[in-house]
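Participant: Mind having a look at this structure? Questions to follow.
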There are 2 protein chains.
Amino acid sequence: MSAISERRERERAHRHQLIITAARELAETEGWEAVTTRRLAERVEYSQPVLYSHFNGKDAIVSAVALDGFSELAAHLRRARQAAPEPGEALRAVCRAYLEFATERPALYQAMFILPTDLKFASAETPPPLRAGFDEFVSCFSPDNERRELFAEVTWSALHGMAVLSDSGRIPSDGQEERLDFLITQIAGTPMRPTAPQGA
Amino acid sequence: MSAISERRERERAHRHQLIITAARELAETEGWEAVTTRRLAERVEYSQPVLYSHFNGKDAIVSAVALDGFSELAAHLRRARQAAPEPGEALRAVCRAYLEFATERPALYQAMFILPTDLKFASAETPPPLRAGFDEFVSCFSPDNERRELFAEVTWSALHGMAVLSDSGRIPSDGQEERLDFLITQIAGTPMRPTAPQGA
DNA sequence: GACGGCATCATAGCAACGCTAGACATCCTG
DNA sequence: CAGGATGTCTAGCGTTGCTATGATGCCGTC
């Protein structure tokens, strides 16, 4: 392999990332429905077929953006967890960071959770960033808790529901803080015990 | 207004519903990506422009399907709640019914919560069926609970998250029952109290 | 009962979409 | 310097949501 080939490969990798960031920026400023292969090609100053030499199709581009998003989300959650004053506040900090991420980068969040992508979940070939983000939730629960994964799944589900329902206006977008408070208290505040009549 | 006009209006209303059910059936058997205006027109044995004399566009058609879905969901939840053996079991019954609805009618659920629609939420012109479904959750909590709406919002969010994340394979689709159990116990099992270190 | 007016419907077409085959140029290799 | 491979663009295919135009048939009126 000559040095020239290496340079070409570098350029190619650079252009690969250029396409991804262009797609993301376009989505963040004008929404995903504005991200067409033509506009994207024009934006990176190449013709359409170049996109298809890098990605199998539009879905693959969206998937690449989503994958970047998962990495950022994992890092964002990790930062929040480690910055928590005490371990008991870790869950709250991570949950708040999650909602923050979803509301501040709605287009990115859409790519990760709503748009059709090629990403494989909950399987052997699940990309590490996905698992990493999930693990941040798991880490908020005591290691000797046998059901921390279950806790994490439900917490994540609730947060995702809150994020997407409020973003689409199905629940009022204020009151999000109050809902978060309630969720944290109920999930983390008390150990499980047999069902009792409904609350306060 | 002559009798003839009345008949035409009846026929028109009938055809209106025909379009909606055709769209729904097509979506349920082949998925929403197979629901194109051409295929839909062929299915109802009219030409494309007829669709546009009934609906403003494709989004309006899926909105109509979604609206029907909200009615059915509300009825489904209501049945479940009223069939609960005791009031303390109402919440569990409604939540289980919700997940049942989402998993058994995935296309319909998509129209209601994922696809872009024209429906207005959480405002004055919110269609009654939407509010009715939400109220079934609210009714599961004690009337003297000042925050039942908040409870209902969080419960709904969690269920929606579970439904959509498991449907898209982001969390394993078995274990749904276990997650439901955990959610119910945490939401309804204990009144709120100040945050304590994380659970069992 | 024939006729003008109106509402209804289908044919045909537009712009934009994702995607691809083929021609063209460019650069490395022998 | 010629030959071949690599990379890129132009042009176009089939399909999408949506609509302007023209034909068809029914209604109310003289």
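The values are calculated or read from the model by the stated rules, or taken from the named source; none is laboratory data. Just so it is clear, the structure is predicted and the values come from calculations on it, not from any experiment. Don't worry about glycine lacking a Cβ; one is built from the backbone with ideal geometry, like all the others, and counts go over all protein chains shown. Keep in mind that these areas ignore ligands, DNA and RNA; they rest on the heavy atoms of the full protein, side chains included. Shrake-Rupley method; radii C 1.70, N 1.55, O 1.52, S 1.80 Å.
Participant: Could you list, in sequence order, the residues of the range B:84-105 that are within 11 Å of another protein chain (Cβ to nearest Cβ) and open to solvent by 60 Å² or more (accessible area, probe 1.4 Å)?
Facilitator: B:86, B:87
Yes or no, residue by residue, for (1) within 16 Å of DNA strand C (Cβ to nearest atom); (2) of a type in the set (D, E, K, R); (3) surrounded by 12 or more Cβ atoms within 10 Å (Cβ to Cβ):
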site	(1), (2), (3)
A:8	yes, yes, no
A:23	yes, no, yes
A:35	yes, no, yes
A:43	yes, yes, yes
A:50	yes, no, yes
A:62	yes, no, yes
A:76	no, no, yes
A:107	yes, no, yes
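Participant: Related question: If we scan the range B:59-66, do we find a residue that is closer than 20 Å to residue B:168 by Cα and out of contact with any Asp or Glu (no Cβ under 6 Å at 6 or more places or on another chain)?
Facilitator: We begin by selecting, within the range B:59-66, every residue closer than 20 Å to residue B:168 by Cα; these are B:66.
Next cut, out of contact with any Asp or Glu (no Cβ under 6 Å at 6 or more places or on another chain) only: B:66.
Checking the range B:59-66: at least one residue is closer than 20 Å to residue B:168 by Cα and out of contact with any Asp or Glu (no Cβ under 6 Å at 6 or more places or on another chain).
Participant: Scan A:34, A:22, A:27 and give me the residue that is away from DNA strand D (no atom under 12 Å from the Cβ) and either within 14 Å of chain B (Cβ to nearest Cβ) or at positive phi (or both).
Facilitator: The unique qualifying residue is A:34.
Participant: Suppose the filter is in contact with a Lys or Arg (Cβ under 6 Å, 6 or more places away or on another chain), more than 12 Å from DNA strand D (Cβ to nearest atom) and at pLDDT 95 or above; does residue B:94 pass it?
Facilitator: Values: in contact with a Lys or Arg (Cβ under 6 Å, 6 or more places away or on another chain): yes; more than 12 Å from DNA strand D (Cβ to nearest atom): yes; at pLDDT 95 or above: yes.
For residue B:94, the condition - in contact with a Lys or Arg (Cβ under 6 Å, 6 or more places away or on another chain), more than 12 Å from DNA strand D (Cβ to nearest atom) and at pLDDT 95 or above - is met.
Participant: Looking at the range B:168-190 only, could you name the residues that are surrounded by fewer than 15 Cβ atoms within 10 Å (Cβ to Cβ) and in a helix (DSSP H, G or I)?
Facilitator: Within the range B:168-190, B:177, B:178 qualify.
Participant: Oh, and also: Which residue is modelled with the lowest pLDDT, if the candidates are limited to the range B:108-150 and must be facing chain A (nearest Cβ under 7 Å) and under 19 Å from residue A:161 (Cα atoms)? Before you say what the answer is, go through the steps one by one.
Facilitator: Filtering the range B:108-150 down to residues facing chain A (nearest Cβ under 7 Å) leaves B:114, B:121-122, B:140-142, B:145, B:150.
Subsequent filtering for residues that are under 19 Å from residue A:161 (Cα atoms) retains B:114, B:121-122, B:150.
Values: B:114: 96, B:121: 78, B:122: 68, B:150: 96.
The qualifying residue modelled with the lowest pLDDT is B:122.
Participant: Still on this structure, please answer the following. Can you tell which of B:132, B:111 is touching a residue at least 60 places away in the same chain (Cβ under 8 Å), among the small types (Gly, Ala, Ser), surrounded by fewer than 21 Cβ atoms within 10 Å (Cβ to Cβ) and not assigned by TED's automatic domain parsing to the domain that holds residue B:30?
Facilitator: Just a single option satisfies the conditions, and that option is B:132.
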